[in-house]
Amino acid sequence: MKSTFQLKQKVFITIVILIIARCGIFIPIPGIDHNSLYNSIGQNEIVNFLNIFSGGGFSTIGIFALGIVPYINSSIIMQILTNIVPELENLQKEEGERGRQKITQITRTLTLIWAILQSTAISFWIKPYVFNWNYYFITDCIIALTTGSIIIMWFSEVITEFGIGNGPSLLIFQNIVSGLPKIIVQYANNIYKKEILINFSILSIVFIAMLMITILVQEGKRKIVILSVKQLGKITEVNPQSYIPLKLNQGGVMPLVFASATIALPPYVLQILSNEKIKYILSLFSQNHALYLPAYCLLIILFSYFYSSLVLNPKDICDNLKKMGASIPNIRPGKQTIGYLNNIINKLTFLGSIFLFMIGIVPSIISNILEINYFRGLGLTSLLILVSVGIDTAKQIQTYIISQQYDNMME
């Protein structure tokens, strides 16, 4: 009974915070012609891409417009720095909880700096849509957006600590789900036309197939069986439960996010440049041009390897196996183990990145074949986030229930 009440309490806290975070997006910053802004940036690909993570915040410019974006950027920067700067690596690995608290504090400081930079850029970007653009407006805009971003960061930490699931992931999940009604309404207006009904049926089948494949790949892993010292005397009884799980898609959605953001830049760089040769070269990387798909595929592969190197370090795995007194059967500890793990991780990363690319281009192919644009609103980036967050949250709830049942049994 007690465990059920605690679970309900955690769910209640999570839902209330998500509702408040969603409402804050629609509290407008005064002094902006919001109608003109919304109408003019509707076709801006970069803004639409950022709206995935802010729930439309970059179209409305409310106090929570930046959303969780500065915190995510800061977390990624900290992941990179932790692998590069020895002092930070030592904080994470050797100093336990105290070290993790220091890294969290540095991440918060970076979030503040990043929020100030982004809000400053936004205050200049929206200049044509401001009634009275001056230094007072710039200051007010920076303070409002930065404060909103810090509040969202705090919300995410409260959800992680006192609620259910991972705070930042659930906030992004909510923002993506909030865009679904708009896509459904667009279909609903024409659903009774025969051609639209057929297209909708095809899209539904493709969507369900993509969802199933995405779940399978997100959960797919290569099990590297390990052998402990205790098992050396009975080699025929290797425990299949003792293994290192290496996921097929180590980077999750991040390689696709980076690749999509990078490939969306050439059309906007073209507007700034005046050199015709450079403009021609960059135009080849625009959508529906010769080098778009090869470049997109290459970017996904590169970012997959980059992010995989941040998440998994074969040397660290090898060191941990030594500490545990375990090894991989038929593989010598040390350099041979590191080489073996490197080889497997590289193969898995390549297969995972090809999967991301193949599924990533499905929305564009289907939209071009059926000559509709609705499906572009829910691409693979959104789908992967929805699937991974849904699976992780369900697992956390299940783990919490099992742990509470175990505690009750012990009592």
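So, in region 91-113, of the ones that are assigned to a helix (DSSP H, G or I) and charged (D, E, K, R), which residue ends up modelled with the highest pLDDT?
Of region 91-113, the ones assigned to a helix (DSSP H, G or I) are 91-94, 96-113.
If we keep only those that are charged (D, E, K, R) too, we end up with 93-94, 97-98, 100, 102, 108.
Values: K93: 71, E94: 71, E97: 73, R98: 81, R100: 79, K102: 87, R108: 90.
Ranking the qualifying residues of region 91-113, first place goes to R108.
I want to confirm something. Restricting to region 241-261 and keeping residues that are part of a helix (DSSP H, G or I) and at pLDDT below 75, which single residue is surrounded by the most Cβ atoms within 10 Å (Cβ to Cβ)?
L256
Return the only residue of L145, L180, L170 being of a type in the set (A, V, I, L, M), under 23 Å from V69 (Cβ atoms), under 21 Å from the mean Cα position of the chain (by Cα) and buried (at least 18 other Cβ atoms within 10 Å of the Cβ).
L170
Which residues, counting only those in region 158-167, are without any contact (Cβ under 8 Å) to a residue 12 or more places away in the chain and surrounded by 15 or more Cβ atoms within 10 Å (Cβ to Cβ)?
Passing the criteria: only T160.
Where in region 1-83 are there helices (runs of 4 or more DSSP H), lying fully within it, with 1 or more residues that are within 28 Å of F162 (Cα to Cα), modelled with pLDDT of 80 or more and small (G, A, S)?
The qualifying helices (runs of 4 or more DSSP H) are 2-24.
Would you point out which residue out of L351, L302 is surrounded by fewer than 19 Cβ atoms within 10 Å (Cβ to Cβ), at pLDDT 85 or above and over 30 Å from L227 (Cβ atoms)?
L302
Name the residues in region 276-288 that are out of contact with any Phe, Trp or Tyr (no Cβ under 9 Å at 6 or more places or on another chain) and modelled with pLDDT of 70 or more, would you?
E276, K277, I278, K279, Y280, I281, L282, S283
What's the total number of residues in region 89-112 that are among the β-branched types (V, I, T) and touching a helix residue (DSSP H, G or I) at 6+ places or on another chain (Cβ under 8 Å)? It would help to see each step written out before you state the result.
Initial filter on region 89-112 (among the β-branched types (V, I, T)): 103-104, 106-107, 109, 111.
Now drop any that are not touching a helix residue (DSSP H, G or I) at 6+ places or on another chain (Cβ under 8 Å), which leaves 103, 106-107, 111.
Going through region 89-112 one residue at a time, the tally reaches 4.
Select from region 155-206 the residues that are modelled with pLDDT of 70 or more and either of a type in the set (G, A, S) or in a loop (DSSP other than H, G, I, E, B) (or both) and list them in ascending order.
Within region 155-206, S156, G163, I164, G165, N166, G167, S169, S178, G179, S201, S204 meet the criteria.
Which condition breaks for K315 when tested against (1) under 23 Å from I359 (Cα atoms); (2) in a helix (DSSP H, G or I); (3) touching a residue at least 12 places away in the same chain (Cβ under 8 Å)?
Only one criterion in (1) under 23 Å from I359 (Cα atoms); (2) in a helix (DSSP H, G or I); (3) touching a residue at least 12 places away in the same chain (Cβ under 8 Å) is unmet by K315, namely (1).
Could you check how many residues of region 1-35 are in contact (Cβ under 8 Å) with a residue 40 or more places away in the chain, within 20 Å of V69 (Cβ to Cβ) and within 25 Å of the chain's Cα centre (by Cα)?
Counting residues in region 1-35 that are in contact (Cβ under 8 Å) with a residue 40 or more places away in the chain, within 20 Å of V69 (Cβ to Cβ) and within 25 Å of the chain's Cα centre (by Cα) gives 7.
The values are calculated or read from the model by the stated rules, or taken from the named source; none is laboratory data. For clarity, every value in this text was computed on a predicted model and none was experimentally measured. Don't worry about glycine lacking a Cβ; one is built from the backbone with ideal geometry, like all the others, and counts go over all protein chains shown.
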